[in-house]
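Read the structure below first, then the notes.
The values are calculated or read from the model by the stated rules, or taken from the named source; none is laboratory data. Everything quoted here is computed from the prediction, not taken from an experiment. Positions of Cβ are generated from backbone atoms using ideal geometry, with glycine treated the same way; all protein chains shown enter the neighbour counts. Remember, those area values only see protein heavy atoms, side chains included, never the ligands or the DNA or RNA. Shrake-Rupley method; radii C 1.70, N 1.55, O 1.52, S 1.80 Å.
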Amino acid sequence: MRFGIAVILCCLAGAQGQQVFSVNSETPQFRGGGKTTERQNCESNMFTVQRELGAMGEKLKAMESRLETCQSLMELKSTVASLKAMLEDFKKEQEDRPKVAFSAGLGENGHTGPFNTGTTLVYKTVLTNIGSAYNPATGIFTAPLRGVYYFIYHCHGGSSSEMNVSLYKNEQHIVMAYEGKSDDSSDNMSNGVSLQLESGDQVYLHLAASTHVWGQPKSISTFSGMLLFPL
Ligand SMILES: *[C@@H]1O[C@H](CO)[C@@H](O)[C@H](O)[C@H]1NC(C)=O
Ligand SMILES: *[C@@H]1O[C@H](CO)[C@@H](O)[C@H](O)[C@H]1NC(C)=O
């Protein structure tokens, strides 16, 4: 670089000298010979300097792009770090997530009902009962926490009498499945519902008076429920 500046200064000085000389001289061609050589040298040096400056510009550009790459890498590193933290949170959330799910069959081989009055159906054969929110002695599911739950039930029966099974939340009639008398040797029905429950709410299936459901060890009639998500 120092060389470059020296050359520029030299050339400027040469150019000035020549201007003064041109104005004062009567025979410029003869006396100007030496100056011309000097100017040619300077021009060639200027050309070299220009070339060098160009090369330096290229180098600077390359360095700039490497610096940008470096910055992107640092950004990437911090993104990876925050993603890692998020993953840890998610893992912990999954571990702490309340797990509630049950499935149970009527169990008995034969008819349950018909009875003179409506009755709560007790599904005695527990297939799954994670969280123990379902009580196989009473047939009642008690919500352990506030959330949205999904319940589904399937009922099989002979066709000689009606089947009428409703899902209740506390004392409230929510959904119903019904099959009338028919010529079929058997009938099947089902229903399901998503329910928002408070902690302590009770859900159970109710068999209407004078109707029946058929059970067998292979759990042809079942009641299932699960927590979809807490609220
Ligand atoms: C009800 O389901 C049983 C099998 O679970 C089947 O044998 C029967 O045919 C079904 N009844 C009708 C009316 O589809
Ligand atoms: C089924 O039983 C419910 C009571 O649990 C009653 O309200 C409803 O009328 C009954 N449905 C039929 C079609 O008998």
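Using a 1.4 Å probe, what is the accessible area per residue for the range 93-198, in Å²? Working shown, then result.
Values: 5470 Å² over 106 residues.
That works out to 52 Å² per residue.
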Separation of alpha-carbon centers, the range 197-226 and the range 75-121, rounded to whole Å: 19 Å
Sorted from largest to smallest, which semi-axis lengths in Å does the alpha carbon gyration tensor of the range 146-213 give for its equivalent ellipsoid, taking the root of 5 times each eigenvalue? 27, 11, 7
Suppose every K and R has +1 on its Cβ and every D and E has -1 on its Cβ; what is the size of the dipole of the range 154-231 about the Cα centre, in Debye to the nearest 20? 160 debye
Using only the Cα atoms of the range 101-230, what do you get for the radius of gyration and for Dmax, in Å? 14.1, 45
Over the Cα atoms of the range 111-169, what Rg and Dmax result, in angstrom? 13.5, 41
Sticking with the crude label model, points 7 Å out along Cα→Cβ, report the distance from Asn188 to Tyr168 in nm, one decimal please. 2.8 nm
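For the range 131-212, which chymotrypsin sites (Phe, Trp or Tyr not before Pro) are both in a DSSP coil and crowded by at most 10 other Cβ atoms within 10 Å? Could you put the intermediate results ahead of the total?
Numbers: sites: Tyr134, Phe141, Tyr149, Tyr150, Phe151, Tyr153, Tyr168, Tyr178, Tyr204; in loops: none.
Within the range 131-212, no chymotrypsin sites (Phe, Trp or Tyr not before Pro) qualify (loop, at most 10 other Cβ atoms within 10 Å).
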